[in-house]
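One structure below.
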Amino acid sequence: MNLTQRDQAIIWHPYTQMQTAAPPLPIVRGEGALLYDEAGNTYIDAISSWWVNLHGHCHPHITQKITEQLNRLDHVIFAGFTHEPAVALAENLLQILPANQAKVFYSDNGSTAVEVALKMAMQYWQNLGQTKYKIIAFRDSYHGDTFGAMSVSSRSAFTQPFQQYLFDVLFIDVPVTGREAETVAQLKLLTEQEDIAAFIFEPLVLGTAGMVMYSPDILNQLMQICKEHQILTIADEVMTGFGRTGRNFACEYLSKQPDMVCLSKGLTGGVMALGVTTCAQAIFEAFLSTETNKTFFHGHSYTANPIACTAGIASYELLVQPQTQQNMQRIAAQHQQFKEKLNGHPSIKNIRQTGTILALEFNMGTTSYFNQIRNRLYNFALQHQVLLRPLGNIIYIFPPYCITEEQLNIVYGVIEKMSALL
Ligand code: PLP
């Protein structure tokens, strides 16, 4: 049996209808922006795998650092013990996060980073003796697949089977251009309720909703309203973090600072599973007590795994290098040119960009077969040796920062050819 057949005999893949899905592609190697399959074909990874590989695959700096760490300390329980990589990574992150962020809590993926933030927000108010437990979120957001994260995410086929077990959330519309005033009014109305603990949001770009973008000005306004009503703000930067929006964090575009930040994905350069929730000092202090029940009773076996933290440090070192920053600017400028080229294209609409993220939509006319279209676009890209993962009729590019000008031009070329498919 070859690898695909062995996989099909026993593996159940994520987000996959196993009855109808095409056989999975067996990937044997990655280098830079390229993935290599078993048959020797190469694919340009235009989405950084699952939005994670900031610096491309198998970057030698990350590989070397984690190999050294692996020979020094593989893992240690993180209650009652600490280690250099966890502390050094936290120090690095606090250098570039909003200045009010003071404490770093580790977990092991984006959903758990969100779960931690929600639990912290709810318990924060409880520790202060206040009954505030409701959460506000954007209607189209995606924050992960655990129960808390699903609760604050858009209600969809993803969440439908679990609907009765999700906690109630107060949803407001995403303040896209033209809808800002409505969203502000919705939030103001909700703030008449006194039991709201927090507002969680994907800052500037909602990824899974289809790279939906909105302005920092309106987010500042929403955050200000929250501040006036003692509602904590949680910036979920799991996708937008580490330079994706053109700055280290989307929050850097804001004049307001969030009370908490959630990180994962690019945190380790896409090499190891790691999550981080940071918070302001006042939140941390509400948990300091001689009363046992004020403790934050949350943790995971792999919390702050030393190898994952080392990957985080190595990825951070690469991120802050001038070369990487230049690459990010070059990608943004190339996107800008492509955007201009597509302007007025008969089959393409809503071309949008924030930093290194570019998204566009194919006109579907009256067609409602989004899934079929999506599969057609996905397969077409793969046949042309580019990995893209359309969201319905929306195509986005989310490249590793090492992608070359030439590779990016190939990706653009494939997207242009796709328009002939519809
Ligand atoms: N938050 C955001 C904004 C995300 O985009 C995602 C994943 O796509 C998550 C949270 C969940 O992260 P993970 O898939 O690591 O659980």
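Lysine pairs in the range 63-319 with Cα distance under 23 Å, only those 8 or more apart or on different chains: how many are there?
The number of close lysine pairs in the range 63-319 is 24.
So how do 51-58, 390-397 stack up, highest first, on mean other-Cβ count within 10 Å? Could you put the intermediate results ahead of the total?
Details: 51-58: 24.0, 390-397: 21.0.
The packing order, highest mean first, is 51-58, 390-397.
Work out the length of the dipole vector of the range 1-151 about its Cα centre, built from +1 on the beta-carbon of each Lys and Arg and -1 on the beta-carbon of each Asp and Glu, and round it to the nearest 20 debye.
Using only the charged Cβ atoms, the result is roughly 580 debye.
What does the charge add up to near Gly144, with Lys and Arg as +1, Asp and Glu as -1, over the other residues with Cβ less than 14 Å from its Cβ?
Taking every Cβ under 14 Å from that of Gly144, the sum is -4.
Straight-line reach from Lys339: which lysines have a Cα under 21 Å away, not including same-chain ones fewer than 8 places off?
Leaving aside lysines fewer than 8 places away in the same chain, those within reach of Lys339 are Lys349, Lys417.
In debye, nearest 20: dipole of the range 359-422 around its Cα centre with unit charges on the Cβ of K, R (+) and D, E (-)?
Here the size comes out at about 280 debye.
Putting +1 on Lys and Arg Cβ atoms and -1 on Asp and Glu Cβ atoms, find which of Ala99, Val76, Pro24 reaches farthest to the positive end of the dipole of the chain.
Of the options given, the answer is Pro24.
Taking the DSSP beta bridges in the chain as the whole, what percent of them are antiparallel, to the nearest 5?
Taking every DSSP beta bridge within the chain, about 65 percent pair in antiparallel fashion.
Skipping prolines and chain starts, which residues have an amide H placed within reach, meaning under 5 Å, of the one on His57, given they are 5 or more residues away or on another chain?
Glu31, Gly32, Ala33, Leu34
Taking a point 7 angstrom from the Cα of Gln5 along the C-beta vector, which residues in the range 24-57 have backbone N less than 19 Å away?
24-28, 38-40
With only alpha-carbon atoms counted, please give the Rg and Dmax of the range 1-134, in Å.
Reported Rg and Dmax, both Å: 20.7, 62.
Taking the Cα centre of the chain as origin, sum charge times position over the Cβ atoms of Lys and Arg (+1) and Asp and Glu (-1), and report the length of that vector in debye to the nearest 20.
Computed charge dipole of the chain: roughly 580 debye.
Between Leu166 and Asn41, what is the label-to-label distance in nm when each label sits 7 Å out along the Cα-to-Cβ direction?
The two pseudo-label positions are separated by 3.6 nm.
Any number yet on Rg/Rh for the range 82-145, C-alpha, Kirkwood?
Value, to two decimals: 1.03.
Could you give each residue of the range 395-407 its phi-based ³J(HN,Hα) in whole Hz, using Karplus coefficients 6.51, -1.76, 1.60 with θ = phi - 60°, and x for Gly or Pro?
10, 9, 10, 9, x, x, 5, 8, 4, 7, 4, 5, 4
Put one equal scatterer on each alpha carbon of the range 63-319, apply the Debye formula with no solvent term, and list log10 I(q)/I(0) at q = 0.08, 0.15, 0.17 1/Å to two decimals.
One equal scatterer on each Cα of the range 63-319 leads to -0.30, -1.07, -1.35.
What is the log10 of I(q)/I(0) for the range 306-422, computed with the Debye formula using one identical point scatterer on each Cα and no solvent, at q = 0.09 Å⁻¹?
With no solvent term, the Cα-only Debye profile gives -0.29.
How much length would be gained if the chain were fully extended between Glu182 and Gln19, taking 0.36 nm per residue of separation minus their Cα-Cα distance, in nm to one decimal? Each step should come with its number before you reach the end.
On the way: separation 163, 0.36 × 163 = 58.68 nm, distance 4.24 nm.
Here the segment from Glu182 to Gln19 would lengthen by 54.4 nm.
Here, each number is a calculation from the coordinates, and none is a lab measurement. Note that this is a predicted model, so its numbers are computed, not measured. All Cβ positions, even for glycine, are placed from backbone atoms using ideal geometry, and neighbour counts span all protein chains on display.
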